[in-house]
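These notes concern the structure reproduced below.
The values are calculated or read from the model by the stated rules, or taken from the named source; none is laboratory data. Please read all numbers here as calculations on a predicted model, not as lab measurements. Backbone-built Cβ (ideal geometry, glycine too); neighbour counts: all protein chains shown. To get the accessible areas, we keep the full protein, side chains included, count just its heavy atoms, and leave off ligands, DNA and RNA. Shrake-Rupley method; radii C 1.70, N 1.55, O 1.52, S 1.80 Å.
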Amino acid sequence: MATPITIARGDGIGPEIMDATLKILDASGAQLEYHEIQIGEQVYLKGISSGIEDSAWDLLRKTKVFLKAPITTPQGGGYKSLNVTTRKTLGLFANVRPCRSYHPFIDTRFPTMDLVIVRENEEDLYAGIEHRQTNEVYQCLKLISRPGTEKIIRYAFDYAVANGRKKVTCFSKDNIMKMTDGLFHKIFDDIGAEYPGIEKEHWIIDIGSAKLADSPEVFDVIVTENLYGDIISDIAAQVAGSVGIAGSSNIGVHAAMFEAIHGSAPRRAGQNLANPSGLLQGAILMLQHIGQGEAAARVENAWLKTIEDGYHTYDIYQDGTSKAKVGTKEFAAEVVARMGEKPKKFKEATYNPNAKPVQPYTYKRAAPQKKQLLGVDVFLEWPGEDVNELAAKVQAVANTATFELKMISNRGTKVWPEGQPETFKTDHWRCRFKAPDFKSEVPHAAVAEVLSKLASSGLDFIKCENLYLFDGEPGFTRSQGE
Ligand code: NAD
């Protein structure tokens with residue numbers, strides 16, 4: 001029985017590398033039935049800002065498997081990234097990117113590197129919630145959720161177990177973002193404790209990335225948030241040899257998408273130059289996912305043999321090591337010619353044909369914690385310089401029977417009371433109001449009263465954030481210097 005899959009040829013080098021990949025898949029004996037959709041430039045140019053037609057979603061929903069070539073996102077405002085839209089619309093929460101070296105046939109300084117990055121795909125700064133709040137300040141919201149984090153951390157550990165990996169490393173920046181990244185790290189520790197057979201470690205993202213660029217062979221599986229994962233997976237692919245040879249899967253509960261990690265390389269398009277290996281690696285991940293492990297191994301072994309026999313596209317060609325510089329079509333033909341062969345220098349790929357894909361974990365909502373309102377942070381646009389003047393104004397108009405102004409910060413640094421004269425100030429001020437009796441809960445109407453008094457006094461409030469305790473623990477951070 002052939003498995004129905006949706007394919008899209010994309011833009012730039014996309015159609016060429018898709019043709020090459022399909023030729024190889026057809027020769028492998030993989031049982032696939034292709035359904036094609038249009039995505040990318042031609043759809044954007046029709047005025048559809050998402051880059052995908054509504055009718056395509058039905059097919060994706062039906063086949064549940066999507067092999068996608070890269071697309072070109074037009075420059076300029078208004079166009080949404082199709083990749084982000086597809087991942088979020090189909091709930092593809094895990095981006096899995098294996099990065100290994102193919103030394104000595106593909107040039108790399110790290111001959112033993114072999115790692116997998118599991119990147120959270122749906123939230124973090126990629127929620128895309130951005131606002132211009134004042135003349136001088138723009139904001140992008142970073143959202144980290146418990147369900148999102150539990151799903152990705154559990155997926156990383158389950159992936160490690162299913163693939164015989166020994167260690168899972170978490171990258172975060174919880175020394176600075178104590179609540180968002182702090183949650184990510186804590187859930188990693190909590191869930192990690194359920195996997196005694198797997199070694200666990202945590203790195204702060206900055207030094208972790210430096211280590212990844214310098215000694216990638218010390219990592220095995222890395223799990224991290226969306227933005228960090230986006231950055232480090234390109235670093236990892238590049239130090240492994242080339243962004244042109246890595247594929248990735250995007251896994252969700254209802255569907256999965258497989259692709260190359262690189263873009264549409266428009267300058268190389270239409271010249272029979274591009275390396276189809278990244279998309280082919282995506283297709284190998286797809287075959288494993290749909291239970292066609294034998295075909296996956298046949299394709300990978302033929303590809304490994306082609307690489308070790310020295311048939312290389314321009315991006316990985318090296319004088320002395322390579323035998324021939326070949327184009328996209330010729331490369332595909334060399335892989336097809338080796339179908340059924342095993343590599344001699346590389347380790348042979350084998351995949352258990354009965355292996356089931358890692359099952360995404362179904363989040364179970366815990367009983368809610370006791371939530372008490374204590375106060376509110378009101379953000380103001382104010383073009384003045386003297387914070388004492390602002391504090392006096394705010395106190396005069398907005399202190400109520402319930403709330404008092406306790407602190408003002410500017411870009412997170414306390415400037416009142418007792419600020420430091422050197423602190424630079426923008427037109428974006430946070431005024432923290434709290435009930436003087438910190439223990440008693442405050443009704444929401446008290447927040448509305450402060451906002452209403454500020455508005456009628458002509459002070460421009462631009463947003464507010466309520467201050468809560470959850471089971472007695474503050475659900476907010478102190479400002480720097482508070
Ligand atoms: P890119 O990955 O397309 O290309 C960067 C360079 O890498 C190219 O100039 C080329 O020299 C090389 N390269 C990439 N893939 C190659 C291959 N298969 N074979 C040989 N060489 C290859 O990145 P870019 O130039 O920053 O982006 C071009 C377009 O692709 C942009 O519109 C961008 O938005 C889009 N993009 C799409 C995806 C996707 O669809 N998944 C991902 C990234 C970028």
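Most tightly packed first, judged by the mean number of other beta-carbon atoms within 10 Å of their residues, the peptides 28-35, 178-185 read 178-185, 28-35. Qualifying chymotrypsin sites (Phe, Trp or Tyr not before Pro) in region 390-439, where qualification requires a DSSP coil assignment and no more than 11 other C-beta atoms within 10 Å, comprise 424, 438. Once the 1.4 Å probe is applied to the protein heavy atoms, the chain comes out at 46 Å² accessible per residue. Spacing of the modelled spin labels on residue 112 and residue 206, each 7 Å from Cα toward Cβ, amounts to 3.0 nm. Taking 32 Å as the limit for the C-alpha separation, the pairs 23/167; 167/323; 62/151; 173/371 exceed it in the case of 23/167; 167/323.
Ellipticity at 222 nm from helices only: DSSP H runs of n ≥ 4 in the chain, each -39500 (n - 2.57), divided by the residue count, give -10000 deg cm²/dmol. Reducing region 151-222 and region 371-398 to their Cα centroids gives an inter-centroid distance of 40 Å.
For region 1-60, trypsin sites (Lys or Arg not before Pro) are listed when DSSP marks them as loop and at most 11 other Cβ atoms sit within 10 Å of their Cβ; the list is 46. In region 236-373, the portion of solvent-accessible area held by carbon and sulfur atoms comes to 49 percent [1.4 Å probe, whole percent, DNA, RNA and ligands not counted]. Computed over the chain, the range of Cα coordinates on each principal axis works out to 82, 53, 45 Å, biggest value leading. Distance cut-off 31 Å, Cα to Cα: go down the list 142/211; 80/425; 46/356; 68/342 and report the pairs above it. Going by Cα-Cα distance, 80/425; 46/356 fall outside the 31 Å limit.
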